[in-house]
Amino acid sequence: MVIKIWKSFKKRIFGFLFKKKKDISLGFYGPPNAGKTTLANKICKDWTGEEMGKVSKVPHETRHVQFKEEVEIKYKEKSLKFKLIDTPGIATKIDYEDFMKMKMKKKAAQKRAKEATQGVVESIKWLDDMDAVVIVIDSTQNPYSQVNITIVGNLIAKKIPVLVVANKIDLKKSNLKKIEAAFPEYEVVGISAKKGKNINEFYESLLKLAKKA
């Protein structure tokens, strides 16, 4: 009886010590229309052949957390398998009238605003499940915003490894140096998710981030 108990105990201990590490949960965070879903689509298209979500010029197209299991990238003889989680854009204020200015009808605008607000709450809750986070910033916009401060503050509090992606560097108003100055404590990689510019540099940075998770 004692021998059986010892064997069972030893099996559980060794299973705990040598169990295979789960896939990394990698979250994409940032303000609305920064290009999170565009980047998620690019990654999924490159490595799974399928896109992940719909994109639009109207803010808050992504209003629910969406994810893709077991995405594996291989770069320079290294590989990384992870769960890719695309979150709704974080915003401190969501007003349905802003959607009406984009020619949406009042009822549809109100519905979108309500769902977008719920999406922000959902995004913050999901931080507890993240092993690492990619913050996607529109490099044509001012990085010193309340939204970015809110996101970074939550990540620092939870001690989650971070990579900052300065997106849309293909546009004339892009200012990569300003993004780097705003986030001196993190690695910043400039890309164009839409054009695929510097995407290999992004994958290399992603592999580095995974080591910290």
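The values are calculated or read from the model by the stated rules, or taken from the named source; none is laboratory data. The shown structure was predicted, so the numbers you read here are calculated from the model rather than taken from an experiment. Note that we place each Cβ from the backbone using ideal geometry, even for glycine, and neighbour counts take in every protein chain shown.
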Is it the case that some residue within the stretch 67-85 is under 15 Å from the mean Cα position of the chain (by Cα), in contact (Cβ under 8 Å) with a residue 24 or more places away in the chain and not in a strand (DSSP E or B)?
-> no
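This table checks each residue for (1) of a type in the set (D, E, K, R); (2) outside any helix (DSSP H, G or I); (3) in contact with a Leu (Cβ under 9 Å, 6 or more places away or on another chain); (4) surrounded by 16 or more Cβ atoms within 10 Å (Cβ to Cβ).
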| site | (1), (2), (3), (4) |
| --- | --- |
| Lys172 | yes, yes, no, no |
| Lys177 | yes, no, no, no |
| Glu180 | yes, no, no, yes |
| Glu185 | yes, yes, no, no |
| Val188 | no, yes, yes, yes |
| Lys195 | yes, yes, no, no |
Positions within the stretch 197-213 being of a type in the set (A, V, I, L, M) and either assigned to a strand (DSSP E or B) or within 24 Å of Lys159 (Cα to Cα) (or both), in sequence order | Leu206, Leu207, Leu209, Ala210, Ala213
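Determine whether Val136 is outside any helix (DSSP H, G or I), closer than 18 Å to Ser56 by Cβ and either of a type in the set (Val, Ile, Thr) or in contact with a helix residue (DSSP H, G or I) (Cβ under 9 Å, 6 or more places away or on another chain) (or both).
Numbers: outside any helix (DSSP H, G or I): yes; closer than 18 Å to Ser56 by Cβ: yes; either of a type in the set (Val, Ile, Thr) or in contact with a helix residue (DSSP H, G or I) (Cβ under 9 Å, 6 or more places away or on another chain) (or both): yes.
When the stated conditions are applied, Val136 passes them.
Kindly evaluate Ala40 against the criterion of being part of a helix (DSSP H, G or I), surrounded by 14 or more Cβ atoms within 10 Å (Cβ to Cβ) and at pLDDT 90 or above.
Answer is yes for this residue.
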Residue hits (the stretch 54-85; surrounded by fewer than 14 Cβ atoms within 10 Å (Cβ to Cβ), of a type in the set (S, T, N, Q) and under 22 Å from Asp131 (Cβ atoms)) are Ser79
